[in-house]
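Colleague: Let me begin by handing over the structure; questions about it come next.
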Amino acid sequence: MANGLNTRSPLHSEAAAHLAANRLRQAETAYRRLLTDNPDDDAALHGLGTIALAAQQPAVALKLLERAARLRPESPDHQDKLGVALALTGRVAEAGEAFRRAVQLQPDNLGAHFNLGLWLLNAGSDADALAEFSRLTKAIPNHATAWLNKGIAHARMRQFLDARDSLSRALALAPADTNARLNFANVLKEMGALEDAESEYRRLLEGEPGNLLALFNLGVTLNDMRRRDEALTTYHRVLALDPDHLDTMNNIGAILLEQGKPEEAMTYFERVLRERPNDSQAICNKATALHELDRPREALALLNALTEHAPSDIAAASARAHTLMQIGDLARADEAFAEILARAPNESKCLYGRALCRLRMRDFALGFELYEHRWDSLGETKRTFSLPDWNGVDQPGPVLVWHEQGIGDQILFAGLLPFLAQHDVSFAYECDKRLLPLLRRSFPEFVFIEPPSATAILALDYAAQIPAGSLPHRLKLWPANAAASLRYLESDPERRGELDARLAALGRAPRIGISWRSTRRIVGTTKSLPLAMWEPILKNRDAVFVNLQYGETEDEIAAAQASSGALIYTEPTIDRFSDIDGLTALIDSLDLIITTSNITAHIAGALGKPCWLALQRTPLWYWAMDGDVPYIYASIRTFRQREVGDWAPVVAGLAHALTAWLASDG
């Protein structure tokens, strides 16, 4: 025969029949009899090599199949089976050559095409592998494994729709194939169909509860859906099956960071680093935990070492640049961001990081241009509208200014509304529902809507849109005229009058509002000044302190009153989180506000109330890096950390200033 195996006698046929029926012992006996008669019988050598492969003896198989191929190199079956043995013994490149020879010798040998496709897939030649499996699925439409591998090739090429369709076909042919279902779920996850992916992972795990990869990817999917507690539970199931699953430990630590538990997170990152000391992701995560613990110089040391070890690691270089910014070394941070962007111009976190650097360095032109890349770093998705961007000039039709970031930021950007009023355009400002009464009273000429605003958008037939944080870039007026006036918010006069009357019962001493923490996810801990540290301020008996802090405060206040002897009054008629209009009226009824960087500072500044602001070493960009007065809110005076995490000098400065302020009758 020109192709295939050399079968010349009844004994050859008998041996081949035994092999085809998986009667390996009988097949081996027959093939050895053939070799006894003819040591160069290539068909017998091929048969014994096939049996050795089935017995998981690839080295034995390789010797037999190499002899067979040398004796009859024109046999495509010899070349195909030799490729399998070469691949199993680590001679990968030679395996590929053998598979290619097999399909060249017999182009219609579908088994050889399948093995070549597998080899190409393992070699990372995804497009060539896809061609091989496409040939197979066309020739054998019910070949489930070919559909599976075709789907894998599509997925690697990020052709997810085609991957989904191929894997769906594989599952229709082989519903119990867990590998096909796992890959199908993975593709759904990559496509963002997270609920469908979750369903597929759970279906797989019903039949195979110990499938580590499915469990791990289910945890990733739940985390992507922000179902952190369920993700943690799933990851702990992985660790119960494999206590040394390092990627799971890393992911658990990352969730703990999200939940504001940096010390607990550190234990997981350190476990990973004991086994993989150069694990870039674990090092970057540990550095983030050190940030949260106000230990940025330790974080910087870690990241310096990592970037020296892996100078091409963009994530590590980015983390180092952000750390330099946190410790206040803006010049080196800016240089580091610029170096990264020279290599990776579209690295969004570095574009945003450099934006914050330039804004803090008072380079507002470049800063706000780069600030347009903020979305990934803020953890928000930029909303899409079937509307053009507002370009900052007059045009017919109303413009939607849509809200972003926190409620303090919405108050900040509302300070630009008087400048919008100078344009011959009508605007609608989307904001948190809690701000609606306050902003409608303060800016009666504007339309204010709450999100989700799809119905309002359709009803008002907008001509253009712009996110609120992009207004400074469009208006080109920051910071000299950032605030329309010293006061641009107006509290409810009726509620303010009621609160004045209630506060009068506390005595004639100056009323000082206090707020001490932020719950902002990324930097809230860093911005917060624990009330337990306020004792030097609160010991002043010539003032009445009023609680402006949102959230649960009873235990903190009780402890602070016990240690300082101060009276801290909490107004019972106001929910300081939900009732922003009431909180504004309360702030407007006070003589002085002392706060950290949170909504209280924004309201006080927008009301033009005297406000003393305690700031971390590198505050949010709009508070500036130095000086007593920030870029915005002329009534605010800043008290700044000089070293990261060191609040003691800030508290001492506030206490001294308060004593002097009270002595001068405010």
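The values are calculated or read from the model by the stated rules, or taken from the named source; none is laboratory data. These numbers come from a predicted model, not from an experiment. Note that we place each Cβ from the backbone using ideal geometry, even for glycine, and neighbour counts take in every protein chain shown. These area figures cover heavy atoms from the full protein model, side chains too; ligands, DNA and RNA do not enter into them. Shrake-Rupley method; radii C 1.70, N 1.55, O 1.52, S 1.80 Å.
Colleague: Of these, L105, L136, which one is of a type in the set (A, V, I, L, M), touching an Asp or Glu at 6+ places or on another chain (Cβ under 9 Å) and either open to solvent by 10 Å² or more (accessible area, probe 1.4 Å) or closer than 30 Å to F160 by Cβ (or both)? Give the derivation first.
Modeller: Numbers: L136 fails: touching an Asp or Glu at 6+ places or on another chain (Cβ under 9 Å).
One residue alone meets the criteria, L105.
Colleague: Checking the conditions here, which among V103, V60, V84 is in a helix (DSSP H, G or I) and either among the acidic types (D, E) or farther than 25 Å from N149 by Cα (or both)?
Modeller: Within the list V103, V60, V84, the selection yields V60.
Colleague: A further question follows. Would you point out which residue out of A44, A21, A85, A98 is surrounded by fewer than 14 Cβ atoms within 10 Å (Cβ to Cβ) and not hydroxyl-bearing (S, T, Y)?
Modeller: None of the others qualify; the one that does is A21.
Colleague: While we're here: May I ask you to say which residue of I340, I411 is part of a helix (DSSP H, G or I) and in contact (Cβ under 8 Å) with a residue 60 or more places away in the chain?
Modeller: I411 is the lone residue from the list that is part of a helix (DSSP H, G or I) and in contact (Cβ under 8 Å) with a residue 60 or more places away in the chain.
Colleague: Within segment 4-15, does at least one residue satisfy the condition of being over 21 Å from V84 (Cα atoms) and among the basic types (K, R)?
Modeller: The answer is yes, given that some residue of segment 4-15 is over 21 Å from V84 (Cα atoms) and among the basic types (K, R).
Colleague: Something else now. How many of the residues making up segment 239-248 are assigned to a helix (DSSP H, G or I) and touching a residue at least 24 places away in the same chain (Cβ under 8 Å)?
Modeller: 4
Colleague: Scan segment 301-312 for residues that are open to solvent by 20 Å² or more (accessible area, probe 1.4 Å) and among the hydrophobic types (A, V, I, L, M, F, W, C) and jot them down.
Modeller: A301, L302, A305, A310
Colleague: Scan the helices (runs of 4 or more DSSP H) fully inside segment 570-666 and keep the ones with 3 or more residues being under 24 Å from D409 (Cα atoms).
Modeller: By residue number, 580-588, 599-607.
Colleague: Let me ask something else. Would you please list the contacts, defined by Cβ atoms under 7 Å and residues six or more apart or on different chains, that run from a residue in segment 170-192 that is closer than 24 Å to M225 by Cα to a residue that is acidic (D, E)?
Modeller: T178/E208; R181/E200; F184/E200; A185/E200; L188/D196; L188/E200
Colleague: May I pose another question? Test R237 against the criterion of being at pLDDT below 95 and within 25 Å of Y268 (Cα to Cα), and give yes or no.
Modeller: When the stated conditions are applied, R237 does not pass them.
Colleague: In segment 617-666, which residues are touching a strand residue (DSSP E or B) at 6+ places or on another chain (Cβ under 8 Å), under 16 Å from I593 (Cα atoms) and among the acidic types (D, E)?
Modeller: Answer for segment 617-666, where residues must be touching a strand residue (DSSP E or B) at 6+ places or on another chain (Cβ under 8 Å), under 16 Å from I593 (Cα atoms) and among the acidic types (D, E): just D628.
Colleague: Related question: Please enumerate the residues belonging to segment 364-391 that are part of a loop (DSSP other than H, G, I, E, B) and either open to solvent by 50 Å² or more (accessible area, probe 1.4 Å) or modelled with pLDDT under 80 (or both). If you could, list the steps in order and put the result at the bottom.
Modeller: Within segment 364-391, the first condition is being part of a loop (DSSP other than H, G, I, E, B), and the residues that meet it are 374, 379-388, 390-391.
Of everything in segment 364-391, those that are part of a loop (DSSP other than H, G, I, E, B) and either open to solvent by 50 Å² or more (accessible area, probe 1.4 Å) or modelled with pLDDT under 80 (or both) turn out to be G379, E380, T381, K382, R383, T384, F385, S386, P388, N391.
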